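Data block below; observations after.
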Amino acid sequence: MKRHMGIGFFIIGIMALTAFGQSEIPEPKGTLLFEGANAVVKYDCTRVVAQNSGHFEQVNHYRVHLLTERGVREHAQDFNFYFLAYDTVEIIDARVHLPNGEVVIVSEDDIKDVPLPAFGPFFLENVREKIITFPALRPGAEIEVISKTIAREPPINDVYDFNTSFESQDPTQTKFVEIDVPIDMKLKWKARNGDVPYRSERHGDRMVHRWEVNDIAQTIPEPGMPPMPEVSRQIFVSNMESWEFMSRWYTKLASPSYVPDEAVIAKVAELTQNLTTDEKKIAAIFYFVSNDIRYVETKLSGRKAGYKPEPAGVTFANRYGVCRDKAALMVSMLRTAGIPSDIVLMNPVWKIFEDVPSQQFNHAIVGIPDKQTGKYWYLDPTIEKTKDYLAAMEQDKAVLPCNEKGEPLEWLPLMPPEDHLYHIQARSELHDDGRYTSQLVISTRGFPDMVMRNFMQSIPPEQRENIFKQIVQMISTTARLDKFEVTDLMDFTQNVVITLDISATDYSVEAGDYLLFQIPNQSSGLDFLTTYLLRGSELTERRYPMKVLSTFAVRADEEVVFPKGYSVKSVPEPLERDFQDFRLARRFDVEKNRVKMERLMETSVLDISLEKYPDLQTMLKEDDVMSKGRVILKKTS
């Protein structure tokens with residue numbers, strides 16, 4: 001029976017290939033060439049023949065018209081990635097159509113099959129890429145490729161899933177997808193970010209599903225835009241019954257890797273010796289796996305490679321592994337210490353499309369159920385050199401805890417801005433001779449702590465002070481750094497704190513009976529975080545929403561003592577702008593011969609919509625204008 005099914009599948013695949021590759025050359029139905037494009041995709045067609053077992057054959061056929069020299073450079077090569085453990089890619093045909101009508105066939109010498117480069121000198125031998133180098137390209141030429149993917153081993157038995165985007169860097173005249181499945185396959189599908197026309201036909205004991213879109217505008221990237229899967233029009237297709245099914249499947253796959261060997265058991269005993277609470281044991285194990293087990297992949301071998309974690313003992317002995325290996329090791333160590341835990345799947349790069357359960361995960365972390373509620377809290381042992389258990393970019397992302405019962409998809413909440421705080425505190429003095437002196441303390445929490453810790457560790461200790469000397473000169477051309485201190489960067493019990501002693505000459509401006517000066521921290525000069533996280537806000541107009549890596553808050557508090565014999569004539573106007581998703585506040589208070597300034601910038605969302613974007617620009621422009629305000633003192637005696 002199985003042999004007949006295999007032969008039948010083979011025949012169906014050959015029939016589909018023959019029909020696609022020879023008798024049904026697609027013609028573009030769209031008509032627009034989209035002015036200003038460097039190339040136009042005339043057609044991009046995918047035909048799949050899938051089985052209930054999850055096996056499939058997929059034929060891809062595309063043709064691209066190259067319009068400019070840039071288009072030629074961008075399409076000079078084609079890359080097809082595949083994983084030997086699961087599938088094979090064959091190049092059926094590759095050719096170049098020259099403007100004069102001549103056709104140049106791509107030779108075998110111009111089609112390479114090479115291992116995919118990994119980290120450093122390593123290659124992933126089982127992950128391959130077919131590289132097609134097109135000869136004789138020039139503007140006006142067209143490239144055409146037909147390739148076939150044969151799935152020999154589905155990652156999840158009896159599960160077939162597929163997703164594709166209809167937008168690309170080039171405009172597309174016609175794109176269609178055809179998926180041929182058994183009539184009894186319970187296939188679910190849904191479009192994301194827009195409608196995709198669909199129709200289906202029954203052919204005997206099989207059902208053919210088709211999606212087609214014409215005249216698709218190109219995607220023009222811009223700074224700060226969301227990842228493409230969050231903005232492009234896509235379809236997700238799968239016969240996976242539920243997220244709970246995948247939770248149970250991955251539990252069965254990963255559980256053997258949790259079994260500790262003697263070395264792991266001994267290390268847990270060493271790490272938790274004399275620790276009396278679960279919280280302390282969790283911290284000790286987390287920081288060990290996070291910082292002592294390197295993140296690196298050097299091979300992908302065995303059945304279910306790329307999904308199944310290495311045994312805990314192997315990862316511990318190697319002292320390296322990827323996310324799934326580190327997560328499995330941490331689960332093993334936690335359970336050895338008597339702390340229940342499970343591996344958790346997630347995608348930290350873009351938001352999972354939860355409407356269609358399917359393989360959208362690319363990362364593994366750890367979940368620990370609360371003893372009272374059973375609700376998980378999460379730790380990511382792949383993030384290094386950080387005090388926190390989760391990276392800021394993992395907030396507002398979907399997670400799938402994996403256990404024998406099977407869990408539904410959950411979402412990590414947005415974190416309050418104050419959880420990711422960059423705080424500048426300064427105690428300063430303006431002297432009679434115009435000098436300015438200050439002790440400035442920069443403290444961090446959450447995302448700023450991770451950024452600062454990693455940045456500082458990437459710089460040789462002898463160069464760290466030089467970096468801050470340059471930063472201090474943003475206050476004044478005469479400013480200098482007199483003292484520099486930073487807390488122990490490898491002490492994860494405390495946040496990073498940097499202390500700077502600063503002095504500047506001729507800082508104030510004397511104008512008759514008046515003395516003028518700026519409070520340095522009323523501006524964003526020492527606030528690197530806002531500029532970094534609001535990348536893209538410099539654009540006058542946007543095509544896409546703006547993505548922020550993390551919620552955050554920047555607070556600056558500075559007190560300046562000024563010389564006796566002066567009183568405050570005026571201070572900059574207070575500023576209060578609250579747009580709900582983000583806000584800015586600044587105020588000045590006067591007390592005797594002291595001026596106190598407080599500034600707060602915070603963002604409480606990760607996605608700034610096109611409707612909200614003008615409000616953000618308004619706020620930032622006002623902040624820039626107000627940052628130039630001066631304190632004016634008047635001589636009283």
Exercise for the section: Under 18 Å from a label point 7 Å along Cα→Cβ of THR505: give me every residue in the range 427-441 with its amide N that close. Expected result: 430-438
Handout entry: Label-to-label distance, nm, for residues given as ILE265 and ASP557 (7 Å Cα→Cβ offset)
Key = 5.2
Handout entry: C-alpha long axis of helix 461-472 to longest principal axis of the chain, angle in °
Key = 70
Fill in the blank from the handout: The whole-number value in µm²/s of the Stokes-Einstein translational diffusion coefficient for the range 419-560, with Rh from the Kirkwood sum over alpha carbon pairs at 37 °C and 0.692 mPa s, is 197
Fill in the blank from the handout: In degrees, nearest 10, the alpha-carbon axis of helix 323-336 is tilted away from the dominant principal axis of the alpha carbons of the chain by 70
Fill in the blank from the handout: Highest mean packing first, using Cβ neighbours within 10 angstrom, the peptides 420-431, 479-490, 146-157 sort as 420-431, 146-157, 479-490
Practice task
Please report the base-10 log of the normalised intensity I(q)/I(0) for the range 386-437, using a Debye sum with one equal scatterer per alpha carbon and no solvent, at each q in 0.31 (1/Å).
Solution key: -1.18
Exercise for the section: Would you please give the FRET efficiency between LEU600 and ASN214, computed as 1/(1 + (r/R0)^6) with r the Cβ-Cβ distance and R0 = 51 Å, to the nearest 0.05? Expected result: 0.55
Fill in the blank from the handout: Under the 7 Å Cα-to-Cβ spin-label approximation, LYS252 and SER200 lie apart by a distance in nanometres of 2.6
Fill in the blank from the handout: The exposure ranking of LEU409, LEU379, fewest beta-carbon neighbours within 10 Å first, is LEU409, LEU379
Exercise for the section: Scan around HIS363 for amide H atoms under 5 Å from its own, H built in the peptide plane at 1.01 Å from N, and keep only partners 5 or more places away or cross-chain. Expected result: MET346
Completion exercise
Calculating percent of Cα pairs over 36 Å apart from this structure picks out, from (i) 39; (ii) 36; (iii) 53, entry (iii)
Completion exercise
Residues whose built amide H sits under 5 Å from the amide H of HIS420, excluding neighbours closer than 5 in sequence, are ALA553
Handout entry: Ranked GLU212, GLU410, criterion: other C-beta atoms within 10 Å, fewest first
Key = GLU212, GLU410
Handout entry: Gain upon complete extension [LYS635, THR493; 0.36 nm per residue less C-alpha separation]
Key = 46.2 nm
Problem - Inverse mean reciprocal Cα-Cα distance (Kirkwood Rh) of the range 562-614, Å - result: 13.5
Exercise for the section: Name the residue farthest towards the positive end of the dipole of the range 563-634 from the options SER567, LEU620, ILE608, assuming +1 on Cβ of Lys and Arg, -1 on Cβ of Asp and Glu, about the Cα centre. Expected result: SER567
Practice task
Provide the gained length on full extension for the span ILE467 to ARG587, in nm with one decimal, where the gain is 0.36 nm per separating residue minus the Cα-Cα distance.
Solution key: 40.2 nm
Exercise for the section: Determine the dipole magnitude for the chain: charges of +1 sit on the beta-carbon of Lys and Arg, -1 on that of Asp and Glu, nothing else is charged, the reference point is the Cα centre, and the result goes in debye to the nearest 20. Expected result: 560
Practice task
With 5 Å bins from zero, work out the P(r) of the range 428-478 over every alpha carbon pair and list the percent per bin.
Solution key: 4, 15, 19, 22, 18, 11, 7, 3, 1
Handout entry: Acute angle (nearest 10 degrees) that the helix 2-18 long axis makes with the longest principal axis of the chain, alpha-carbon atoms
Key = 80
Problem - Rg/Rh for the range 305-375, where both radii come from Cα atoms and Rh is the Kirkwood radius - result: 1.02
Fill in the blank from the handout: If amide H atoms are modeled at 1.01 Å from N in the peptide plane, then the residues at a separation of 5 or more from TYR320, or on another chain, having amide H under 5 Å from its own are ARG294
Completion exercise
Footprinting proxy, ASP78, ASP180, ASP615: sorted fewest to most Cβ within 10 Å, the residues are ASP615, ASP78, ASP180
Handout entry: Among beta bridges that DSSP assigns inside the chain, antiparallel share in %, nearest 5
Key = 90
Problem - Calculated FRET value between THR477 and GLU541, using beta carbons and R₀ = 45 Å, to 0.05 - result: 0.80
Fill in the blank from the handout: With R₀ set to 35 angstrom, the calculated FRET efficiency between the beta-carbons of GLN439 and GLU622, to the nearest 0.05, is 0.75
Handout entry: Estimated dipole of the range 536-634 in Debye, rounded to 20 [Cβ of Lys and Arg +1, of Asp and Glu -1, Cα centre]
Key = 540
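FYI, it's all coordinate maths here, none of it is from the lab. Here the structure is a predicted model, which means the values were calculated and not measured. Every residue, glycine as well, gets a Cβ built from its backbone with ideal geometry; the counts of neighbours run over all protein chains shown.
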